[in-house]
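Below you'll find the structure, written out as structure tokens, and then a few comments.
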Amino acid sequence: MSSQVASLPVATPQPTRTLGAWWQAAPFALVFLLFFLIPLALIAMVSLWNFNEYELIPALSPRNYLSIFEGCSHLTDNGDFCVTLSTYLSTLKFCLLVWAITLVVGFAVAYFLAFHVRSPGIQTLLFVLCTVPFWTSNVIRMISWVPLLGRNGLVNQGLMGMGLIDTPIEWLLFSDFSVVLAFVHLYTMFMIVPIFNSMMRIDRSLLEAASDSGASGWQTLWNVIVPLSRTGILIGSIFVITIVMGDFVTIGVMGGQQIASIGKIIQVQTSYLQFPLAAANAMILLAVVLMIIWGLTRLVDIRKEL
């Protein structure tokens, strides 16, 4: 019987199909090369150049990196870290606070839209309303907080009118509080969208099965919805972290030019035409952000989840 069974030929990839796949990927690879790899290579190259008050000197040297971390091997006379480490710690502090708040707010909004709004039309309408602030520029949205939180703003006037305070609250504006508030206002949508997309892909029969098994609402949320939404949480976290780490406009406007950040240092160095030093800071910032993203992707294999 076995002798009558014809041996099946082994399928081999056709050369034309392989060539066609390469041609399809070529435009995307070209865009990636022109707008990411080449600029990144140029920044890395410039970060190794020397410079003076008048010109850039294209000579490879680790001078810029050494000057950035100068004095960081020991604490200052006041017991503080060096300027570079202090600035990175300040930036990471804002990043962690904004990430935690946007995660809680974004998850709550996405959960409400995905599981408590039954009508697709109302769901779409509410989702579009969440995007309304993005119809204006970030600067306008930041400046809108000034008459609200200022010393003579609506909040202070309202609190003083109700007799809750005698003098205006100074830390509402041009402080860490105002910076975090502006960040949350600007970037919560970057957390809502991917989490909402992940929640909409959850099979509703799983929630019914959990309910039939006697699970409470919190147990269903923690053991079913959160694990199945981790891809959206990861993508939203990457968006928020990468934007906040490099942002300098928000910290400059809402911090009253008094709060340091890595993005602000790079912007100041660029304005003073210290391009090699700014490029070196940019490469260090890129390395830090990539390490954070690498740590997040260790928690979730995003390629399998997508």
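Return yes or no: is Leu96 at pLDDT 90 or above, closer than 26 Å to Gly255 by Cβ, of a type in the set (A, V, I, L, M, F, W, C) and surrounded by fewer than 18 Cβ atoms within 10 Å (Cβ to Cβ)?
Values: at pLDDT 90 or above: yes; closer than 26 Å to Gly255 by Cβ: yes; of a type in the set (A, V, I, L, M, F, W, C): yes; surrounded by fewer than 18 Cβ atoms within 10 Å (Cβ to Cβ): yes.
Yes: the conditions hold for Leu96.
What's the total number of residues in region 244-274 that are in a helix (DSSP H, G or I) and either of a type outside the set (A, V, I, L, M, F, W, C) or surrounded by 18 or more Cβ atoms within 10 Å (Cβ to Cβ) (or both)? Talk me through it step by step, then tell me what you get.
Kept after step one, since they are in a helix (DSSP H, G or I), are these residues of region 244-274: 244-246, 249-254, 262-271.
Add one more test, that the residue is either of a type outside the set (A, V, I, L, M, F, W, C) or surrounded by 18 or more Cβ atoms within 10 Å (Cβ to Cβ) (or both), and what stays is 244-246, 250-254, 262-267, 269-271.
Final tally of qualifying residues: 17.
What number of residues within region 252-300 are among the β-branched types (Val, Ile, Thr) and over 15 Å from the mean Cα position of the chain (by Cα)?
Applying the first criterion (among the β-branched types (Val, Ile, Thr)) to region 252-300 yields 253, 259, 262, 265-266, 268, 270, 284, 288-289, 292-293, 297, 300.
Okay, now just the ones that are also over 15 Å from the mean Cα position of the chain (by Cα), so 253, 259, 265-266, 268, 270, 284, 300.
Counting residues in region 252-300 that are among the β-branched types (Val, Ile, Thr) and over 15 Å from the mean Cα position of the chain (by Cα) gives 8.
Scan region 120-157 for residues that are among the polar types (S, T, N, Q) and in contact with a Leu (Cβ under 9 Å, 6 or more places away or on another chain) and report the count.
3
Looking at Ala215, is it over 22 Å from Cys130 (Cβ atoms) and either among the small types (Gly, Ala, Ser) or in contact with a His (Cβ under 6 Å, 6 or more places away or on another chain) (or both)?
For Ala215, the condition - over 22 Å from Cys130 (Cβ atoms) and either among the small types (Gly, Ala, Ser) or in contact with a His (Cβ under 6 Å, 6 or more places away or on another chain) (or both) - is met.
Taking the residues in region 120-139 that are among the aliphatic types (A, V, I, L, M) and in contact with a helix residue (DSSP H, G or I) (Cβ under 8 Å, 6 or more places away or on another chain) as candidates, determine which candidate is surrounded by the fewest Cβ atoms within 10 Å (Cβ to Cβ). Give the derivation first.
Taking region 120-139 and keeping what is among the aliphatic types (A, V, I, L, M), we get 122, 125-126, 128-129, 132, 139.
Subsequent filtering for residues that are in contact with a helix residue (DSSP H, G or I) (Cβ under 8 Å, 6 or more places away or on another chain) retains 126, 139.
Numbers: Leu126: 14, Val139: 11.
Top of the filtered list is Val139.
The rows are residues; the columns are (1) in a helix (DSSP H, G or I); (2) of a type in the set (Asp, Glu); (3) closer than 17 Å to Gly232 by Cβ.
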site	(1), (2), (3)
Thr84	yes, no, no
Leu89	yes, no, no
Trp99	yes, no, yes
Thr102	yes, no, yes
Arg118	no, no, no
Phe134	yes, no, no
Pro147	yes, no, no
Arg151	no, no, no
Ser178	yes, no, no
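If I filter region 36-63 down to residues being surrounded by 12 or more Cβ atoms within 10 Å (Cβ to Cβ) and at pLDDT 90 or above, which single residue comes out as farthest from the chain's Cα centre (by Cα)?
In this case the residue turns out to be Trp49.
Considering only region 104-113, state which residues are in contact with a Phe, Trp or Tyr (Cβ under 7 Å, 6 or more places away or on another chain) and either among the polar types (S, T, N, Q) or buried (at least 21 other Cβ atoms within 10 Å of the Cβ) (or both).
Ala110, the sole residue that qualifies.
Each row is one residue, and each column tells you yes or no for (1) in contact with a Ser or Thr (Cβ under 9 Å, 6 or more places away or on another chain); (2) surrounded by 15 or more Cβ atoms within 10 Å (Cβ to Cβ).
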position: Ser73; (1), (2): no, no
position: Thr102; (1), (2): yes, yes
position: Arg118; (1), (2): no, no
position: Arg141; (1), (2): no, yes
position: Gly150; (1), (2): no, yes
position: Thr167; (1), (2): no, no
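This table checks each residue for (1) touching a residue at least 12 places away in the same chain (Cβ under 8 Å); (2) assigned to a helix (DSSP H, G or I); (3) more than 13 Å from the chain's Cα centre (by Cα); (4) surrounded by 17 or more Cβ atoms within 10 Å (Cβ to Cβ).
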residue	(1), (2), (3), (4)
Phe174	yes, no, yes, yes
Pro194	yes, yes, no, yes
Ile202	yes, no, yes, no
Glu208	no, yes, yes, no
Asn223	yes, yes, yes, no
Ile233	yes, yes, no, yes
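Yes/no per residue for (1) in contact (Cβ under 8 Å) with a residue 12 or more places away in the chain; (2) of a type in the set (Asp, Glu):
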site	(1), (2)
Glu55	no, yes
Leu60	yes, no
Ser73	no, no
Phe81	no, no
Leu85	yes, no
Leu89	no, no
Phe127	yes, no
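The values are calculated or read from the model by the stated rules, or taken from the named source; none is laboratory data. Please read all numbers here as calculations on a predicted model, not as lab measurements. All Cβ positions, even for glycine, are placed from backbone atoms using ideal geometry, and neighbour counts span all protein chains on display.
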